[in-house]
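First the structure, in the form of structure tokens, and then the observations on it.
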Amino acid sequence: MTGWLFSVTAGLLFAIGLYGVLIRTELVRRLLAANVMATAVFLFLIVVAAETPDGPDPVPQAMVLTGIVIAVSLTAFALALIRHFRAVTGESDPEGGDDD
Amino acid sequence: MPVSDLLASGFDVLLCIGLLWLAWQAITGTGLFRSVVMFMVFGLMMAVTWARLGSPDLALAEAAIGAGITGALLLNACRAAVSEMRSDEQPLRDRPSGVPKWLALPLSLAAGVGLAWLMHSIPRDGGPTPEAAIKAAETHFLDNPITSVLLDFRAIDTLLEMAVLLLALVGARVLLDQRRLPALYPVPDHPMPMLPSLLAMITPVLLLTGLYLFWAGSHAPGGAFQAGALLGALGVMYQLAGRFTPTHEPGTVNALLITVGLGLFSLFACLSLLWAPAPLSHPEQGAYALVLLIEFALMLSIAATLVLLFVGSRSLQLRRSTNHPGGRQ
Amino acid sequence: MTELDSLVAPTLTFLIFAPLLAGVVALLWPRGLVLDLLSISLGAISLVLLVPLSGTVMGQGPLLLELGGHELPLGIPLYVDGLALAMLWLTALTGLGTAVYASGWLRSVSHPSGQQYRVLWFLLWSGLNALFVSGDLFNIYVTLEITTLAAVPLVALARGREALSAAMQYLYFALVGSILFLLGVALVYAETGLLALPELSARESEAAGPGETIALLAITVGLAMKAALFPAHGWLPRAHAAASPPASALLSALVAKAAAYLVIRLWLGPFEAAWTPAVAQLMGVVGVLGILYGSLQALRQHRLKPVIAYSTVAQLGYLLLLIPLASVVAWQGVIYHALVHGLAKAAFFLAAGNLILGIGHDRLVGLAGCDRVLSKNLLAMAVAGVAIAGLPPTGGFIAKWWMITAALEQGQWWWAVAIGMGGLLAALYVFRVVSFAVHSPRPWHEEPLRETRHGLNRLLLWPPVLLAAAAVALGMTGELLAPFLAVGAPEVSP
Amino acid sequence: MNTFLLGAALFLLINLAAGMVRVYLGPTTADRLLTLLLFGTTTVATLLLLAYSQASAVLVKVALLFVMLAAIASVAFVRFPHETVQKTDDGRGDHD
Amino acid sequence: MLTDWWTIALVTVGCAFFLAGTVGLLRFPDVHTRLHALTKADNVGLGLICLGLMIHDGTLPGILRLGFIWILAIFAATVSAFLIARWHESAGTED
């Protein structure tokens, strides 16, 4: 099984996501980066599940399934907030707020 | 047979390179629209990866939720990002973020390489939980081990996760109460060509597959989440074809649909004290029927919540058909 | 599984699932009055149920209830010890007070999303209760997501540009925080094959592998972002200041504390073997830096709510001091501090909300003359401030006293100095706020203070007063409650 | 036989990678939409081949799901007004 | 053994059609020709692969499933191709 390949990919995906979260200020793009980071952790969990001795371990798979649903909930709410934030302020990044 | 192993690892190498390239393009690509396309393809590739790593349940879920619903939501964001942009604003320029590039790149690279080494070096020797889970899954009244973990061994995770999904919708409603934004997909004045026929063809197929996935969930890959997401995708299709009219009056059917999953599951948790010392325990007889009932409720709630999150309105009314133009907005 | 007496399972089931069902009812039947009565009655019932639960915990030591009847390590355990019990009491008391306040506030302000507020509160309440009693790492992740996804809309509930911008910033911090927490959970599961906290703590503590150490680092950074502990606190002042009074009270007293509670719960329980005393000292330093930074910032603000928000950042720093000082007395001191701070901070925010309703804006200058008109509110705010500063006779003093004795017992006197400094700075910024109201005469350009149009009805007035009184009452019952808090304290050789 | 099927799956994946180039280069947005069609059919074919080479029949169901979702995605794209795409594509000219 | 040969032959030709589709996608000058290459080649390719797998599978439900996937893919591809072409066309007229 090329488990080592997928776990290395998981690590690098996490790095790409982290890089995206750090440097991008455009809100939707940062959300994509966060999703990539989450997917990287899920990939690692599934590699662990696949390589468990005697059979795929159902617990990480259940965790990742729960994680996917939570990720889609957070993404949906974040996109709604981005849309309203942009409609109200016309900007595309929150730090622009005026700290009086 | 070394050749098949060679091909298999060749397949995996190409898959991983594709994943990394797609992720990089989605994040550092210039156009937002292009990034969204890249991210959707990344979701598709992840579904193939889950299939390749021997977890078909996740391949189904990723395809339906990850690529389907998330993709549609992101397209919505793209469309909203521009259609509500005031004329004076320039295209989505990216202002430099607080963290300078020369710091972010080495930092995340180091984190990535470190994690990659760590993830690779952790010995895969299972542990008490995997052994117990694999052993218990064989004797469990649900044949699908993942569904048995989701709905029995770790039932509270699934229950609270439904609360998270509901909270996303309530949060979106808080925003809606403040400011009613124009509907993203106004009912088309002229009926779209060929779309009604595609809809007529796809609806029975999607409904059938959704119900099949739900039914199969207890003994084969599938389950409430995949079925719910698939029905959600069908709802998205109806909204795109203009068959739904979003309204802002509170609809009782909509409210029932989005809360039935969490309500039934919590009720079960409380009532389970009648036949067991600890909550969330299944009764000896009738457990299978109970699980099916709960899964059906979860499926309805997930589908309804995902569609309402996509449409971005408080409730929906199904319109007979699109041929009478100028439907009620 | 020790035979639990018959009342523990129903109580824990009620605490977690009753608010969920109430949330469903709130969505199906959006009648304001009914929902307020429901939330107040649920609050009262949970207080009543907590009494026998405390008795059982006191009698039988930490309780372990395996959900669904599945033994560990497969099932998810609920674990209740002194720390979890204190947090449950805090959630019930603050929740009840804020629910009463919110029912009055939503009507006086006639807020358009009254129904959404109540649904968010019910689900947040259930998430918090589940988080405090959960004994499973991944389950804690799910409950953390519930608190986040309930807290961000609570901030966005206060309409306007600043609230949306603060909510946006809060969401991104929380999003990255929860992914780091999930990474930690994944690494722990990969290395140990365990998720249940009791099982993780019970392992004989041989040196933890690299995975577990990195997992602890990832979890700690993730929780620091969610609890706005010092280096990652940027979002909290903006979010808690922008939120409406009942929401800020919940956020400061409960939501931020939940993540900080998890830092202690995980450091002193399952990850015992993953850190050395040197690292503990470092965590203590981070805590002290948080205290000093938060207090100094609070002194510089010239609007009322940011002062209270920065005070939260400061007071959360105290919880980290438990890591270097992990003795039983320190454990009691920190839990007591968390309890008193929660009650006092909620009282502070609610009283501030009343004052802002009276004045119309929240600039400190506008407070002048409040002592004559909104005197009861000002008194409640002052008493709450005193409790936060930790001056006798309030509970805060007892908490600081225990912490200082713990520090001196273990010869780490520098923490005692830091705690004293923290208390002093807290007293400074509280008295600064009060002085605005008491000494300076009302400037001519401010329109004369008046009770709000329909006067502060009793629903708005009594909760802050009662919560502040509770914080003071805790000053008397220190010795009585000490044994309750000590249940399940880690016996760490000094 | 399974090896052959796996080889065919690998070949299709290489095809897919080549298709991705079009996404990268694709001057007009319609070209990028094309890739969805490409990915739709090619991924379905890859999954079918995988199903029979890995002898896990459930992948056929995943392929069935893909076919439907590809249709939905392209309809979602098509409801897009043009200025949305130009402005989000950092202003580059949309016509080759 | 005969069926195996049929499967291998059909799948190979199917892959060849996919290759043709991809080459068409990369080489053809404008959207419409690419669209044509893509949908026609890919669908025939998919059809042949399904046919090959049908023979390999041999069980009735398996055959029905594969046939169903193929029909649905064709239907979805035609509608999508038509909509994309029309959308691209209207892009030309609008601005």
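Just a few scattered comments:
- Selection within region C:437-494: residues that are closer than 30 Å to residue C:201 by Cα and among the aliphatic types (A, V, I, L, M). The member of this set that is modelled with the lowest pLDDT is C:492.
- Scanning region C:153-162 for residues being surrounded by 24 or more Cβ atoms within 10 Å (Cβ to Cβ) and touching a residue at least 40 places away in the same chain (Cβ under 8 Å) gives a total of 3.
- Test set (1) in contact (Cβ under 8 Å) with a residue 60 or more places away in the chain; (2) within 21 Å of residue B:156 (Cα to Cα); (3) not β-branched (Val, Ile, Thr) - residue C:82 fails condition number: (2)
- Checked against the criterion of being over 30 Å from residue C:360 (Cβ atoms) and in a helix (DSSP H, G or I), region C:247-257 contains one or more residues that satisfy it.
- Test: residue C:53 is farther than 20 Å from residue C:123 by Cα, without any contact (Cβ under 8 Å) to a residue 60 or more places away in the chain and crowded, with 20+ Cβ neighbours inside 10 Å: yes
- Any hit, region E:82-92, residues being out of contact with any strand residue (DSSP E or B) (no Cβ under 7 Å at 6 or more places or on another chain), more than 7 Å from chain D (Cβ to nearest Cβ) and among the β-branched types (Val, Ile, Thr): no
- Qualifying residue in region A:53-64 (condition: more than 7 Å from every other protein chain (Cβ to nearest Cβ) and among the aliphatic types (A, V, I, L, M)): no
- Considering region B:179-291, the qualifying helices (runs of 4 or more DSSP H), each wholly inside and each with 3 or more residues that are within 27 Å of residue E:76 (Cα to Cα) and facing another protein chain (nearest Cβ under 8 Å), run over B:195-216, B:224-240.
- Considering residues of region A:1-51 that are of a type in the set (Ser, Thr, Tyr) and buried (at least 24 other Cβ atoms within 10 Å of the Cβ) only, the residue farthest from the other protein chains (Cβ to nearest Cβ): A:39
- One residue alone among C:45, C:16, C:40 is assigned by TED's automatic domain parsing to the domain that holds residue C:115, modelled with pLDDT of 90 or more and out of contact with any Leu (no Cβ under 9 Å at 6 or more places or on another chain), and that residue is C:45.
- Within region C:108-131, residues that are at the interface with chain B (Cβ under 10 Å from one of its Cβ atoms) and farther than 11 Å from residue C:35 by Cα have Cβ atoms under 9 Å from residues that are among the acidic types (Asp, Glu) and buried (at least 24 other Cβ atoms within 10 Å of the Cβ) in these pairs: C:127/C:145, counting only partners at least 6 apart in sequence or on another chain.
- So residue B:207, is it of a type in the set (A, V, I, L, M) and crowded, with 20+ Cβ neighbours inside 10 Å: no
- Taken together, the residues in region B:256-296 that are touching a residue at least 40 places away in the same chain (Cβ under 8 Å) and among the hydrophobic types (A, V, I, L, M, F, W, C) amount to 12.
- Selection from region A:41-89 of residues that are among the aromatic types (Phe, Trp, Tyr) and either touching a His at 6+ places or on another chain (Cβ under 9 Å) or touching a residue at least 12 places away in the same chain (Cβ under 8 Å) (or both): A:42, A:44, A:85
- Residue check for residue C:66: charged (D, E, K, R), within 14 Å of another protein chain (Cβ to nearest Cβ) and in contact with a strand residue (DSSP E or B) (Cβ under 8 Å, 6 or more places away or on another chain): yes
- Count - residues of region E:1-39 that are crowded, with 17+ Cβ neighbours inside 10 Å and of a type in the set (D, E, K, R): 1
- The set of residues from region C:177-228 being touching a residue at least 40 places away in the same chain (Cβ under 8 Å), more than 13 Å from chain B (Cβ to nearest Cβ) and over 27 Å from residue C:255 (Cα atoms) comprises C:205, C:206, C:207.
- Qualifying residue in region B:67-75 (condition: within 7 Å of chain A (Cβ to nearest Cβ) and at pLDDT below 70): no
- Residue under evaluation residue B:32, criteria (1) more than 9 Å from chain A (Cβ to nearest Cβ); (2) more than 20 Å from residue A:11 (Cα to Cα); (3) not charged (D, E, K, R), criterion not met: (1)
- Which numbered condition residue B:129 misses (of (1) among the polar types (S, T, N, Q); (2) at pLDDT 85 or above; (3) in a loop (DSSP other than H, G, I, E, B)): (3)
The values are calculated or read from the model by the stated rules, or taken from the named source; none is laboratory data. What you see is a predicted model, and the numbers here were worked out from it, not measured in a lab. When we count neighbours, we look across all protein chains shown, and the Cβ atoms used for this are built from the backbone with ideal geometry, even at glycine.
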